[in-house]
1. In the same structural domain as ALA626 (by the TED database), among the small types (Gly, Ala, Ser) and modelled with pLDDT of 85 or more, is that true of GLY609?
2. Please identify the pairs in which a residue from region 495-516 that is closer than 30 Å to LEU617 by Cβ has its Cβ atom under 6 Å from the Cβ atom of a residue that is among the charged types (D, E, K, R) and part of a helix (DSSP H, G or I), counting only partners at least 6 apart or on another chain.
3. Restricting the search to region 114-135, which residues are of a type outside the set (Val, Ile, Thr) and in a helix (DSSP H, G or I)?
4. Of (1) crowded, with 17+ Cβ neighbours inside 10 Å; (2) within 24 Å of THR419 (Cα to Cα), ARG183 satisfies all except one. Which?
5. It is to be established whether one or more residues within region 115-130 are open to solvent by less than 10 Å² (accessible area, probe 1.4 Å) and either within 53 Å of the chain's Cα centre (by Cα) or modelled with pLDDT under 90 (or both).
6. Inside region 69-90, can you point out the residues that are surrounded by 13 or more Cβ atoms within 10 Å (Cβ to Cβ) and closer than 25 Å to ASP337 by Cα?
7. Give ILE554, ILE593 a once-over and let me know the one that is assigned by the TED database to the domain that holds TRP627, modelled with pLDDT of 80 or more and within 30 Å of ASP223 (Cα to Cα).
8. Residues that are hydroxyl-bearing (Ser, Thr, Tyr), at least 2 per element: which strands (runs of 3 or more DSSP E) completely within region 163-232 meet that?
Amino acid sequence: MLLVVTCCWLLMAGHCAGQKPINLGGSKKRDVYIAGFFPYGNHVPEGHIGRGVMPAVKLAVEHINEHPTILRDYRLHMWWNDTECSAAVGMKAFFDMMHNGPHKVILFGGACTQVTDPIAKASKHWRLTQLSYADTHPMFTTNSFPNFFRVVPSENALNAPRVALLLHFNWTRVGTIYQNEPRYSLVHNRLVADLDESKMELVETQSFATEVTTALEKLKERDVRILLGNFNEAWARRIFCEAYRFGIYGRKYQWVIIGTYTREWWLRPGGGCAPSELSEALHGTPDQYQIEYDSRRGSEYSRFHGYTYDGIWTVALAVKHVARRIRHFHRNQTISDFRYRDVLWEKLFLDALKNTSFDGVTGPVRFYDNERKAYILLKQFQNGREVNVGEYDSISGVLDLTRGEAQLWNGRTPPKDRTVRIIEHSTVDITLYAVLASAASVGIVLASIFLAINIRYRNQRYIKMSSPHLNNLIIVGCMLTYSSVIFLGLDSQLSSVTAFPYICTARAWLLMAGFSLAFGSMFSKTWRVHSIFTDVKLNKKVIKDYQLFMVVGILLTIDLSIMTTWQVADPFYREIKQMEPYHHPSSDDIIIIPENEYCQSNQMNIYLGCIYAYKGLLMMFGAFLAWETRHVSIPALNDSKYVGMSVYNVVIMCVTGAAISFVLTDKQDAMFIMLAVFIIFCSTATLCLVFIPKVIELRRNPQGVINKRTRATLRPMLKIRRDSTVSELDERLKEAKLANKKFRKQLLQKDSELQGFLRRMGEEVASETQETVDTLPVPKQEEVAKKEGPSITTETTDISMSMCSLNSSTVSQPEGDYVNVDQVAK
């Protein structure tokens, strides 16, 4: 939408035909001459102004001269020249008038600033007063041009109705765009002062000289809805074509400009777009300017015709006032005695114009500091035409929107002056938080139950052989990770902005400590199994529990060092990030801006990189150890298999969770759900894998009786260890099998030969021989097995003796001290 501010008039007099004014002399009245300056030629773009106001000039002169009382003793004449809107031509016309023909009492004109300005400056030397009918340039002030008056309001005077219109519709947030020329920059500067005085928010100000695209882009970027413009007619067409392309029109936008343009200016070429597009951009635009004067103008038109008519009447009333006042100074003088460069005549005409007051066709005609205050007509562009929608009284400062047709808006109501931005603080859904926090709480209760069982039955043989103190650390670590879930869902809405940095700190410490306790304990137990069962030299190796505690302690020390340095040198703070806005479902004028809060520190990436690197290496090594010992099954280390499975679980969950957390950083609900589920699942799986078998064993064997026939085994590792040592052992095993078969065959042959010799001998000799054989000592099978080493009967290598049936020296070892399986009871 567009608002164009201009002055209007109410035509009250008759009409004039389009013709040049003529000298209407009379023998009984004295002649009074006015010097007129009009752009008139067809070759001049502004020539339509002169041609359009000439009928009004003639009509006014006729009405004045026919009036019985206005100029009873005088007859008014207009002596005019075509200035061609050129300073040179205008000044030549001025000097010709000053030196040729009768004296002209007042200068009337001009319409073009480049003509008006030099004439106004030169006229002071002739001590002449000047009255303009069409020049609205704000440079002509009473301080700079004391002899200059104008019956048409200055463009500065059109700022007041614009401000009044803004206040009426409660538009307090506006932007401006103006042509970078003195004529428009002066008006703009005054407008800015008026806006500031009215407590308006001026969001953006843009000027242009050669192109408007950049200015319009910036106005749109700043979401300026109400736009105040100051530019000429040619630029107006280009601006609204660009506004059409940028979409700066329609229901959301309101343009307010000064309407100093020609009739149906939007239909003229030169805008860069089709008239239909320009009309669409202007639809719903209020336009303020004077009503068309009557049909006697013919095909010519000028919006200044009313001001011209009132201007001629102003001159006539000034002549009447001076004619009466001159007699107080010189009784015998009349207007016919007027002379140039006379201070008295100058003063009399200045006083006469300043005291002028009458109701003209454009409303009350009065001068305030040589400026005219008039009625300002508001018109709106509706359906391809301009209609009157209101009027502003510059004298009283009253805006009346009832004098005209109803305003037309593209929407149901006038546009808003801004997009209402609602900041929506993104939080974790309270239902999700309640569910997952409850699940974490249940996990803490479950861990507490396992902890109680582990402590209660710590001396039970099955529990004791699994290092219950390390199991306690696993439980405590899982309880800390469960607790971190509760802190992950807390935000400043559930707590406070002040407490949020402390919540961030609690999250980090709980996760770090919980991970190191739980995973560190499992890592150390897996390392012990690996160290014992992957010793190729089969040497005796004892790894006690305190050594495993030292491993966990080292991990905790590293965590403590990193976190303490982080919190002391670079503590957490609350960071706000606004996400992609979206429109309110019920209104396009309302935008919802989601706002996320994050735990942040200045060097956060560095500390996170250190933590990820060291934890990642630890998990990779732990996964490697678990893989290496995946075939180990030994009662003395009865939970080694489940601990290895827990290591896999932790590694997979941590790697997946870290990757997802980077992807879902800005999705509060999704990230909380994924992280919470991973933490709860990982912790619960660890607890269940490590402690459910123990609970089942306690239920099955409350006394902890150990089955002595249970053997510690190490399943084949052909697919695991393909090194030279294994290959050598395999070759030796094959050779041993071949030798065994060979010796058995030889033994059978010798036995057959022996039986033959015995049959040939007599029964006596046989009897004696049998007695001799019976007296020979025969070693038992078990003793032979001991001497020959392990018997190889299947693909499974049986360890000679179970760890649980070792000699008394092995059984009496304290809890947690384990030896290599090659130890043989002596």
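The values are calculated or read from the model by the stated rules, or taken from the named source; none is laboratory data. Being a predicted model, the structure only gives us computed values, none of them experimental. Note that we place each Cβ from the backbone using ideal geometry, even for glycine, and neighbour counts take in every protein chain shown. Heads up: the accessible areas ignore ligands, DNA and RNA and are worked out on the full protein's heavy atoms, side chains in. Shrake-Rupley method; radii C 1.70, N 1.55, O 1.52, S 1.80 Å.
1. The answer is no for GLY609.
2. Here the result reads MET512/ASP559; SER516/ASP559, each pair linking region 495-516 to a residue that is among the charged types (D, E, K, R) and part of a helix (DSSP H, G or I).
3. Scanning region 114-135 gives GLN114, ASP117, PRO118, ALA120, LYS121, ALA122, SER123, LYS124, HIS125, TRP126.
4. Failed condition: (2).
5. So in region 115-130, the residues open to solvent by less than 10 Å² (accessible area, probe 1.4 Å) come out as 115-116, 119-120, 123, 128-130.
Those still in the list that are either within 53 Å of the chain's Cα centre (by Cα) or modelled with pLDDT under 90 (or both) too: 115-116.
Within region 115-130 (the criterion being open to solvent by less than 10 Å² (accessible area, probe 1.4 Å) and either within 53 Å of the chain's Cα centre (by Cα) or modelled with pLDDT under 90 (or both)), the answer is yes, since at least one residue qualifies.
6. If the condition is that a residue be surrounded by 13 or more Cβ atoms within 10 Å (Cβ to Cβ) and closer than 25 Å to ASP337 by Cα, then ILE70, LEU71, ASP73, TYR74, ARG75, LEU76, HIS77, MET78, TRP79, TRP80, ASN81 are the ones that fit.
7. Answer to the selection: ILE593.
8. So the answer is 173-179, 201-208.
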